[in-house]
Amino acid sequence: MDGRKKARLVAKGFSQVEGLDFDQVFSPVVHFETVRLMLALAALENWYITGLDIRSAYLYGKLDEEIYMEQPKGFAVPGQERKVLRLWRALYGLKQAGLAWWRTLDESLKELGFEHLKSEAGIFFYKKKGTNIVISIIYVDDALFCGPNKAVVDAIKAQFMRKWECRDLGEPNEFLRM
Amino acid sequence: MLNAKSASTPLPAGYYATKNTEPVDAELRSHFQMVIGSLLYLMLGTRPNIAFAVTHLLLHATNPSQDHLNKVLYICRYLIGTSTYSLVYNGGSGAGLIACTDSDWGSDPTSHLSQTGFYLKLADGLISWTSHAQKTIVYSSTEAEYMALSNCTCQVTWTRSLLGELGYKLKAILICSDNQGSIFMASNPVTEPRSKHIDIRYHRIHESVVKGNVELFFIDGAENPANLLTKNLPREKFAKFRAQLGLQFPSGSI
C-alpha cells in the first residue's frame, strides 16, 4: 500500500430485490485472452501503449432504477433523521453498478468517436478517415490506449482524461496484475 | 513457503487425483479453496503451464482430501521455482495466429472422461489456452480429439471475428492436431457407424473448414506442445513444451 487512507461508502446490495431494484447485473469486462491478444498484436505492429485508471469509476454510473438508501450512521442530516436518500448515481456494492458504469462509459467513448466491438465489449475502436486508429482496452476502471501513432493516441487519451477524473499511468509495466 | 524446495513440474508425472470418500472437512476445504482460487487467477493470467494441474484439482474443490491439499501446495512449489518466468510476445518474429489442440482419451481413472487442451498463439507467445475435462465419455481417441478440435475452432472463429472488426483480413488459420482420424472427420462430411452419435454442435468445424476459415494440419504427437494441457508430463517433456509456449526467463534479470 502507498500509505493513503481509504474509506468508501458502500450500498447494501444484498437487500436489493430482483425486478424491482435491479434488472440486469452482468457487466461487460474485457476477457483476459483479449488483453493478451491485443498486447501480442501491439508487439507485432510495434504500437505505442499508454495506460490510465479512472478514479472511483462506479460512482459515475447513471441509474435507470429508482433506489433509496438509509442515511449512513453518523452522517444523517440533523432534524431529518427519518428521511431516506434517493440515489441518482451508482454506489459500490449496488448490484447494477458495473453495468451502469459500462453504459455511461460506452456513451462517453461514443462521443469521442469510439465504438465497442461486437465480439468484445471491452475493446473500443477509434477509426476516422485521414487519421490513425486508436484501440482502447477497458477493464472496469483500468484502461489502455494503443495505436501506431503516439501523437494521435496521446491526443485521444487527453480528451478522455478531460471527461473523467483519471490517474495517468504512462507506459504500463503491468495490467490487471498480469 | 518461500523457503520451500521448488518442484520441476506442477504435479508429479502421471498423477491423477482420486475422489475423497471421507466426509467434508470444512477447515481443510476452506484452506484448499483459498489456495486453488489464487492458483486459478495466476493460471488465467499468465501461467498456461499450470492449466492442467489447476483445472484437474479444481474438480475436487467441494470435498478435497489431505492429498489434494498437498498437491495444490506442490503446484505452489513449482511456481516458486519459476516465478521470474513471463509470457513474451516477440514482435520481431512476425508470427501470425496459429492454434494447437490435443486430448487425452479417457485418461481420468475415476471419471473415464477425456481431457481437452488447446491454445492459440500470436507473435510467438500464447494468447489463449484451455484445459478441461470433456463433458461426455467418448468411444475413441479420435472422438476425443474431434471434440478438442471442435472447441478450438470456436475459439479461433471468435478471435478471427475480433481481428476482423479491427480491419484485419485473415487467411485460413492453421490448427495443429496429432490425430489423423479427427482431421479426416473434420475435413470430410462422413458419418461412420462409429461417429454418427456425435452431437451436432461439434460438427460446426466442417463449416469452418469449407469456408476456408481454418485449415487443419497434422503434427507428430511427440512434438505437440498442447500435450502439456492434457496431462501431467515428466520433467524433460514438460520443459520442452513449456519453452514452446512463449514462457521464458526474462533475459538480463535474475
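Residues that are within 14 Å of chain B (Cβ to nearest Cβ) and in contact (Cβ under 8 Å) with a residue 24 or more places away in the chain, at least 2 per element: which strands (runs of 3 or more DSSP E) completely within the stretch A:24-121 meet that? Fully inside the stretch A:24-121 and qualifying: A:48-54.
Being of a type in the set (V, I, T) and surrounded by fewer than 16 Cβ atoms within 10 Å (Cβ to Cβ) is the filter here, so list the residues in the stretch B:1-33 that pass it.
B:T18, B:T21, B:V24
Checking the stated criteria, B:G167 turns out to be surrounded by fewer than 17 Cβ atoms within 10 Å (Cβ to Cβ) and either not in a helix (DSSP H, G or I) or not assigned by TED's automatic domain parsing to the domain that holds B:S208 (or both).
If you check A:V10, A:V77, A:V84, A:V29 for being closer than 30 Å to B:G246 by Cβ and β-branched (V, I, T), only one passes: A:V29. Against the conditions (1) crowded, with 18+ Cβ neighbours inside 10 Å; (2) outside the structural domain of B:N179 (by TED's automatic domain parsing); (3) not in a loop (DSSP other than H, G, I, E, B); (4) not small (G, A, S), B:T101 satisfies every one except (2).
The values are calculated or read from the model by the stated rules, or taken from the named source; none is laboratory data. This one's a predicted model, so the numbers in the text were calculated from it and none came from an experiment. Using ideal geometry, Cβ is built from the backbone for each residue, glycine included, and neighbour counts are taken over all protein chains shown.
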